[in-house]
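Heads up: the structure comes next, in structure tokens.
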Amino acid sequence: MKRGDLYLLRHPGGGDPKKQRVMTVVSRQALVDSRFPTVVCAPVFTRGHGLETEVPVGPEDGLKHPSWIACDGLVSIPKSRLTDFVGSLPPQKISRLSHALRIALDI
């Protein structure tokens, strides 16, 4: 598992009406590699709103449709639930993801 990996999360819960949702691992790699049981993820939606906190992704990243990573919707997910690998973001999209996270967290 790496920062920028996309996983299909079945039964995301937390009020999400979908039976499954693609999630993007956004935790720092040191946490991902540790024994800590959870990682921070950002959900992927098929609709974007033109926000600076959204990162466009699509078939080139392993998805079926053009979509957007929503950095305003961060959640902590047990690593054990992230089993259905979808794809990985290339370095330039990870840079965009980092920028969107800085804006979302106002840092």
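None of the figures in this text is laboratory data; all of them are computed from the coordinates on show. None of these values were measured; they are calculated from a predicted model. Counting neighbours? That spans all protein chains shown, and the Cβs are built from the backbone with ideal geometry, glycine included.
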Could you tell me whether any residue of region 23-38 is over 19 Å from residue 105 (Cβ atoms) and in contact with a Leu (Cβ under 8 Å, 6 or more places away or on another chain)?
no
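Of the residues that make up region 49-67, is at least one hydroxyl-bearing (Ser, Thr, Tyr), buried (at least 16 other Cβ atoms within 10 Å of the Cβ) and touching a residue at least 60 places away in the same chain (Cβ under 8 Å)?
Within region 49-67, the first condition is being hydroxyl-bearing (Ser, Thr, Tyr), and the residues that meet it are 53, 67.
Still in the running and buried (at least 16 other Cβ atoms within 10 Å of the Cβ): 53, 67.
Add one more test, that the residue is touching a residue at least 60 places away in the same chain (Cβ under 8 Å), and what stays is none.
Within region 49-67, not a single residue is hydroxyl-bearing (Ser, Thr, Tyr), buried (at least 16 other Cβ atoms within 10 Å of the Cβ) and touching a residue at least 60 places away in the same chain (Cβ under 8 Å).
Out of 35, 3, report the one residue that is of a type outside the set (Gly, Ala, Ser), in contact with a Ser or Thr (Cβ under 8 Å, 6 or more places away or on another chain) and not in a strand (DSSP E or B).
On the way: 35 fails: in contact with a Ser or Thr (Cβ under 8 Å, 6 or more places away or on another chain).
Testing whether each residue is of a type outside the set (Gly, Ala, Ser), in contact with a Ser or Thr (Cβ under 8 Å, 6 or more places away or on another chain) and not in a strand (DSSP E or B) leaves just 3.
Give region 11-22 a look and list any residue that's farther than 11 Å from residue 85 by Cα and either acidic (Asp, Glu) or surrounded by 12 or more Cβ atoms within 10 Å (Cβ to Cβ) (or both), or say none.
If we filter region 11-22 for residues that are farther than 11 Å from residue 85 by Cα, which is where we start, we get 11-21.
If the condition is that a residue be farther than 11 Å from residue 85 by Cα and either acidic (Asp, Glu) or surrounded by 12 or more Cβ atoms within 10 Å (Cβ to Cβ) (or both), then 12, 16, 18, 20, 21 are the ones that fit.
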Does any residue of region 59-72 turn out to be farther than 17 Å from residue 98 by Cβ and within 9 Å of the chain's Cα centre (by Cα)?
no
Go through region 53-72 residue by residue and tally those that are assigned to a loop (DSSP other than H, G, I, E, B) and either of a type in the set (A, V, I, L, M, F, W, C) or touching a His at 6+ places or on another chain (Cβ under 8 Å) (or both).
3
